[in-house]
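A.B. asks: Below is a structure I'd like to ask you about.
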Amino acid sequence: MIFLTVGTQLPFDRLVAAVDDWAGLARAAVFAQTGAGAYRPRHCEFAEYLPPAHADELFRAADLIVSHAGMGSILTALKYRKRILILPRRASLGEHRNDHQLATARWLGKKPGVFVAEEADDITRLLSAREILGGGEAISDHADPALLARLRNFVSQ
């Protein structure tokens with residue numbers, strides 16, 4: 001099962017439509033958390049919003065996560081060692097206030113298990129080749145102890 005999430009702040013119809021179109025062709029099982037967008041999937045089960053516990057269950061159960069380039073979604077996928085395919089929102093298309101998701105995608109796209117679609121058209125190609133997309137490294141729920149020690153030392157001075 002593929003879990004598509006657009007986060008809780010803004011709709012992202014361009015991503016939802018791309019995944020839904022692919023799901024119709026591939027006849028793949030996709031559950032989409034769509035936000036309050038105008039686009040309604042025809043080939044995916046979906047809900048605008050999910051309670052946090054249900055979203056967490058879907059993250060755990062999914063073989064692949066497809067998401068906007070939001071830090072919460074990316075970190076949750078990495079926490080559960082799930083492969084994640086991200087499409088950054090673009091301010092020029094009215095999808096966000098600025099282009100910080102492009103910077104996030106460039107930065108985290110170098111991490112194992114994080115795959116970046118530059119354009120919505122890349123979604124079909126990457127989803128069709130999803131079996132060869134490698135897994136990622138797990139991250140901890142907690143900050144590195146060495147980092148915490150350095151921060152404590154900095155604050156105490």
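The values are calculated or read from the model by the stated rules, or taken from the named source; none is laboratory data. Bear in mind that the values here come from a model prediction, so they are computed numbers and not experimental data. Here the Cβ is made from the backbone with ideal geometry for all residues, glycine too, and neighbour counts use every protein chain on show.
A.B. asks: Restricting the search to the stretch 22-47, which residues are closer than 13 Å to Thr5 by Cα and either among the aliphatic types (A, V, I, L, M) or in a helix (DSSP H, G or I) (or both)?
C.D. replies: Within the stretch 22-47, Val30, Ala32, Ala36, Ala47 meet the criteria.
A.B. asks: On to the next question. I'd like to verify a number: residues in the stretch 9-65 that are aromatic (Phe, Trp, Tyr), out of contact with any helix residue (DSSP H, G or I) (no Cβ under 7 Å at 6 or more places or on another chain) and more than 19 Å from Val116 (Cβ to Cβ), how many? Quick ask: steps written out before the conclusion?
C.D. replies: As a first pass, look at the stretch 9-65 and keep what is aromatic (Phe, Trp, Tyr): 12, 22, 31, 39, 46, 49, 59.
Now restrict to residues that are out of contact with any helix residue (DSSP H, G or I) (no Cβ under 7 Å at 6 or more places or on another chain): 12, 46, 49.
Checking the rest, the ones that are also more than 19 Å from Val116 (Cβ to Cβ) come to 46, 49.
Residues flagged as aromatic (Phe, Trp, Tyr), out of contact with any helix residue (DSSP H, G or I) (no Cβ under 7 Å at 6 or more places or on another chain) and more than 19 Å from Val116 (Cβ to Cβ) within the stretch 9-65 amount to 2.
A.B. asks: A follow-up question, please. Determine whether the stretch 48-62 contains at least one residue that is over 16 Å from Ser128 (Cα atoms) and assigned to a strand (DSSP E or B).
C.D. replies: So far as the stretch 48-62 goes, no, none of its residues is over 16 Å from Ser128 (Cα atoms) and assigned to a strand (DSSP E or B).
A.B. asks: Out of all the residues in the stretch 1-42, which are farther than 22 Å from Asp63 by Cβ, under 17 Å from the mean Cα position of the chain (by Cα) and not small (Gly, Ala, Ser)?
C.D. replies: Thr8, Gln9, Leu10, Pro11, Asp13, Arg14
A.B. asks: Pick from Arg89, Arg83: which is touching a helix residue (DSSP H, G or I) at 6+ places or on another chain (Cβ under 6 Å), touching a residue at least 40 places away in the same chain (Cβ under 8 Å) and among the charged types (D, E, K, R)? Let's see the steps before the verdict.
C.D. replies: On the way: Arg83 fails: touching a helix residue (DSSP H, G or I) at 6+ places or on another chain (Cβ under 6 Å).
Going through Arg89, Arg83 in turn, the sole match is Arg89.
A.B. asks: Kindly indicate the residue of the stretch 1-30 that is surrounded by fewer than 21 Cβ atoms within 10 Å (Cβ to Cβ) and of a type in the set (A, V, I, L, M, F, W, C) and also farthest from Ala77 (Cα to Cα) among those meeting that condition.
C.D. replies: Leu25
A.B. asks: Now, a different point. Would you mind stating whether Leu108 is over 13 Å from Gly7 (Cα atoms), out of contact with any Gly (no Cβ under 6 Å at 6 or more places or on another chain) and surrounded by 12 or more Cβ atoms within 10 Å (Cβ to Cβ)?
C.D. replies: Judged against the criteria, Leu108 is a match.
A.B. asks: Select from the stretch 136-156 the residues that are at pLDDT 70 or above, surrounded by 10 or more Cβ atoms within 10 Å (Cβ to Cβ) and among the small types (Gly, Ala, Ser) and list them in ascending order.
C.D. replies: The answer is Ala149, and nothing else.
Residues are listed down the side, and each one gets a yes or a no for (1) hydroxyl-bearing (Ser, Thr, Tyr); (2) over 15 Å from the mean Cα position of the chain (by Cα):
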residue: Cys44; (1), (2): no, yes
residue: Ser67; (1), (2): yes, no
residue: Ile74; (1), (2): no, no
residue: Ala77; (1), (2): no, no
residue: Ile84; (1), (2): no, no
residue: Gly113; (1), (2): no, no
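A.B. asks: Moving on. Does Ala62 satisfy being hydrophobic (A, V, I, L, M, F, W, C), closer than 19 Å to Asp20 by Cα and touching a residue at least 40 places away in the same chain (Cβ under 8 Å)?
C.D. replies: Details: hydrophobic (A, V, I, L, M, F, W, C): yes; closer than 19 Å to Asp20 by Cα: yes; touching a residue at least 40 places away in the same chain (Cβ under 8 Å): yes.
Yes, satisfied.
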